[in-house]
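The next block holds one structure in the form of structure tokens; read it before the comments.
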Amino acid sequence: MGRERRHGQVETYGNWYEGSNGADHDANQSGHKSAPNGASATNHGPVAEVVDRFNKLYLMVNEAGKAVILQPGYDPVLRRRRFDRMTPSDLRTLYMNERIQVGIDHNGKPVMKSAADVWLQHPKRRQYIHGVIFDPTSSNPPSGVLNLWEGFAVKPEPGDWSLMRAHIETIICAGDSVRIAYLTGWMARMLQHPAEQGEVAVVLKGGEAPAKARWRRR
């Protein structure tokens, strides 16, 4: 989740994970005033600390009509980002043993509240209540919509791919110029038009051999 990435005005989950800016992006959608750009979600005290801490770890989203809390993570086996999903009830259970003082009652006694409920009920919690999309073409999604597209994981730059090209042309396509042109175009289309659904699935037939797997992984 390390780097912050912005694509036009799109806010992706990579942005908010690092910052301490709790709810700047979505406060307006609920009618609450946003904190100044770069400011903390709240001012000071234990409530502010909880809201800022939880905003770095979680966000509330509307996922197909259901209120879901997302927590970003990283899968070291598959080497990719992931989301752990939980319900508000799950979050309350996780933080059942953490309570903070949120005020004082008329008898002068402290009013305590669970850390989870403090965040869930706070107007500046991190939230996207108008849905979740994965849209490589969107540079300005509607307010309150989370776009999971972050761009390609690998930055394009000139390089030498002669070995893989020879593998594709000689091994995968057996030197057939028609197949070479088709497969090369098929691969290029995925990068040139990432928002469009693939219309053809390429099937490699043959016995067990590393040749197919090597091309697939690349």
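The values are calculated or read from the model by the stated rules, or taken from the named source; none is laboratory data. These figures come from a predicted structure and were not determined experimentally. Positions of Cβ are backbone-derived with ideal geometry, glycine not excepted, and every protein chain shown enters the neighbour counts.
Restricting attention to region 83-94, does a residue exist that is within 29 Å of E150 (Cβ to Cβ) and of a type in the set (D, E)?
Yes: region 83-94 contains one or more residues that are within 29 Å of E150 (Cβ to Cβ) and of a type in the set (D, E).
Taking the numbered list (1) touching a residue at least 12 places away in the same chain (Cβ under 8 Å); (2) out of contact with any Asp or Glu (no Cβ under 9 Å at 6 or more places or on another chain); (3) more than 25 Å from R53 (Cβ to Cβ); (4) of a type outside the set (F, W, Y) in turn, G131 passes all entries but (2).
Restricting N140, N147 to those that are touching a residue at least 12 places away in the same chain (Cβ under 8 Å) and touching a Phe, Trp or Tyr at 6+ places or on another chain (Cβ under 8 Å) reduces the list to N147.
Of all the numbered requirements in (1) under 22 Å from the mean Cα position of the chain (by Cα); (2) loosely packed, with under 15 Cβ neighbours inside 10 Å; (3) at pLDDT 60 or above, N43 misses one, and that requirement is (1). Of all residues in region 180-197, those that are more than 22 Å from the chain's Cα centre (by Cα) and of a type outside the set (F, W, Y) total 8. Residues that are among the aliphatic types (A, V, I, L, M) and under 24 Å from P110 (Cβ atoms) within region 41-78 comprise A41, V47, A48, V50, V51, listed in sequence order. Checking the stated criteria, W215 turns out not to satisfy the condition of being at pLDDT 85 or above, among the hydrophobic types (A, V, I, L, M, F, W, C) and either surrounded by 10 or more Cβ atoms within 10 Å (Cβ to Cβ) or not assigned by TED's automatic domain parsing to the domain that holds L78 (or both). From the list H130, H193, the lone residue that is modelled with pLDDT of 85 or more and either over 22 Å from R82 (Cα atoms) or not assigned by TED's automatic domain parsing to the domain that holds A48 (or both) is H193.
Quick one: in region 135-179, of everything that is among the acidic types (D, E) and more than 30 Å from A67 (Cβ to Cβ), which residue is surrounded by the most Cβ atoms within 10 Å (Cβ to Cβ)?
We begin by selecting, within region 135-179, every residue among the acidic types (D, E); these are 135, 150, 157, 160, 169, 176.
Keeping just the survivors that are more than 30 Å from A67 (Cβ to Cβ) gives 157, 160, 169, 176.
On the way: E157: 5, D160: 7, E169: 17, D176: 12.
Residue satisfying both the conditions and the ranking: E169.
Within region 78-124, restricting attention to residues that are aliphatic (A, V, I, L, M) and in contact with a Lys or Arg (Cβ under 6 Å, 6 or more places away or on another chain), which residue is nearest to E63 (Cα to Cα)? This residue is A116.
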